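Only one structure is covered here, and it is reproduced in the block below.
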Amino acid sequence: MGGAARSFGLMRRVFWPALALIVVGNFAGYAVAGPNGLLAWGGYHRDLQARKLELVQLEAQKRQLRHRSALLDPRKADPDMADELVRRDLGLVRPDEVIVPLD
């Protein structure tokens, strides 16, 4: 009977420090290997570089589209651009014409 009481008392004294160690270990594990941990840092850095490259490409495309839309402004439309769009979209090309796309 004395051995069981002694082991139960030992378990009661060890329970809270063991629980605290488990909780701290859990947090430490997530800080290192979790989805936002130190090991994920390299992946985030690579993703950031890829997104920056994509942003530069999209900004260049935006500038190109802005320039193209400025050429089609109804108040001062570029005649060559308007002619190109009408011929391409409406199919108003004569059989003896050769179309050279610039894109």
**OP:** Give, in nm to one decimal, the length gained when the segment between L55 and V32 is fully stretched (0.36 nm per residue of separation minus the Cα-Cα distance).
**Re:** 5.2 nm
Subject >> Amide proton proximity set for G37, modelled H, under 5 Å, gap of 5+ >> reply: none
Original post:
For A77, which sequence-distant residues (separation of 5 or more, or a different chain) have an amide H within less than 5 Å of its own amide H, given hydrogens modelled in the peptide plane?
Top reply: none
**OP:** Quick one: net charge around E97, please, counting Lys, Arg +1 and Asp, Glu -1 for every other residue with C-beta under 14 Å from its C-beta.
**Re:** 0
**OP:** May I ask you to evaluate 6.51 cos²θ - 1.76 cosθ + 1.60, the Karplus curve with θ = phi - 60°, for each residue of the range 86-92 and list the ³J(HN,Hα) values in order in whole Hz, giving x for glycine and proline?
**Re:** 5, 5, 6, 6, 9, x, 8
Original post:
Once phi is turned into ³J(HN,Hα) by the Karplus curve 6.51 cos²θ - 1.76 cosθ + 1.60 with θ = phi - 60°, what whole-Hz value does each residue of the range 75-82 show in order, with x for glycine and proline?
Top reply: 6, 8, 5, 6, x, 5, 5, 4
Original post:
Per-residue ellipticity at 222 nm for the chain, helices alone: DSSP H runs ≥ 4 residues times -39500 (n - 2.57), over residue total, nearest 500 deg cm²/dmol?
Top reply: -26000 deg cm²/dmol
Original post:
Tell me, what ³J(HN,Hα) does each residue in the range 13-23 have, in order and in whole Hz, if you take phi through Karplus 6.51 cos²θ - 1.76 cosθ + 1.60 with θ = phi - 60° and put x for Gly and Pro?
Top reply: 6, 8, 4, 5, x, 5, 4, 4, 5, 5, 5
Subject >> Cα Rg, Dmax, the chain, angstrom units >> reply: 34.9, 111
Original post:
Which angle from 0 to 90°, rounded to the nearest 10, does the C-alpha axis of helix 41-71 make with the longest principal axis of the chain?
Top reply: 20 degrees
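Throughout, read-outs are computed from the coordinates displayed, never taken from laboratory work. Fair warning: this is a prediction, and the values are worked out from it, not measured in the lab. Here Cβ is always computed from backbone atoms with ideal geometry, including for glycine, and neighbour counts include all displayed protein chains.
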